[in-house]
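The values are calculated or read from the model by the stated rules, or taken from the named source; none is laboratory data. Predicted model only: the values in this text are computed from it and were never measured. Cβ coordinates were reconstructed from backbone atoms using ideal geometry, including for glycine residues, and neighbour counts include every protein chain displayed. Accessible surface areas use protein heavy atoms only, side chains included; no ligands, DNA or RNA. Shrake-Rupley method; radii C 1.70, N 1.55, O 1.52, S 1.80 Å.
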Amino acid sequence: MGAVTVITSGKGGVGKSTVCAGLGRALAERGRRVLLIDGDAGLRCLDRMFALDDRILFDISDVVNGACEPIRAIYDCDVPGLYLLPAPFREEKTVQPSLMRQLVPILSRYYDHILIDCPAGIGLGFDSATVGATRALVVATPDPVCLRGSDKVRLLLMQKNIASQRLVVNRFHYQNFIKSSLYDDLDSVIDSAGIRLIGIVPEDPMLAACLTGGRTVPSNFSAAKAFHRLAARLEGEPVPLARLEKL
Ligand SMILES: Nc1ncnc2c1ncn2[C@@H]1O[C@H](COP(=O)(O)OP(=O)(O)OP(=O)(O)O)[C@@H](O)[C@H]1O
Ligand SMILES: [Mg+2]
């Protein structure tokens, strides 16, 4: 059985889908079989990030409704070993948590990792995306409002028995962090979220440009390196944090 990780956040728009795509790619480049499940019915975007949008015929709602075999709704991404199970186009087709609870363990037999991209908010989509997961990455930008939201989601995850939680600080920009003087250092950021840090992804304009254009982020770019460090840590390797000023 592979590891099932939900990528979630307190606030929307902080980079959950970006982290899901970048981390999935990095894990596949480490030689793992990785399934990305887009949990954002109505606002799906992983198919766009991998330039698969023209090819999608079936999605996860077709699988649970019995309209197709799972394999017909699972698409190869551009990296060997990386696959996508897309979300439906319409929000009302969000898969019920009871069905996700059955489906995810079955799928996890065939992959080393399943990453589930959680939608914004804490409604049905959140319940559906989290129910099959055994651990969570909580994505936050380093600002007080976002970090307060992370603390809230931490408690919700605990209620769902997902005690294994790690914080990913996304869109980190050293100069802006220093200038804002909102926090003294990264430790105070972590204290504010109440979740142990596993990785920092820098603000990287190349990342946004590549993902929205369905292109691979070149491996020498800072965000791609950050995703590789994150992938290694997720698999238990003791990779030290990069020096903040070098991010
Ligand atoms: N590290 C980064 N550097 C630069 N841009 C980023 C970074 N991370 C995310 N972005 C940009 O921020 C925007 C929001 O990212 P994304 O869609 O991944 O957020 P999300 O949390 O999944 O949003 P939602 O809550 O709507 O699902 C996108 O335009 C993305 O390209
Ligand atoms: Mg998203």
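Over the chain, DSSP H runs of length four or greater, each weighted -39,500 (n - 2.57), average out per residue to a 222 nm ellipticity of -11000 deg cm²/dmol. For Gln159 and Ala208, the difference between the fully extended length at 0.36 nm per residue and the C-alpha to C-alpha distance is 14.3 nm. Note on the chain: Rg/Rh from Cα positions, Kirkwood definition for Rh, rounded to two decimals, is 0.95. Eigen-decomposition of the gyration tensor built on the alpha-carbon atoms of region 138-210 gives equivalent ellipsoid semi-axes of 23, 15, 9 angstrom, largest listed first. Highest average first, the peptides 61-72, 84-95 ordered by how many other beta carbon atoms sit within 10 Å of their residues are 84-95, 61-72. Our estimate of slack between Gln96 and Ile71, defined as 0.36 nm per intervening residue step minus the Cα-Cα distance, is 7.0 nm. Taking all protein chains as shown and a probe of 1.4 angstrom, Ser181 keeps an accessible surface of around 90 Å².
Restricting attention to the chain, lysine pairs at least eight places apart or on different chains and with alpha-carbon atoms under 30 angstrom apart total 20.
Length gained on full extension, Asn176 to Lys246: 23.9 nm, using 0.36 nm per residue less the C-alpha separation.
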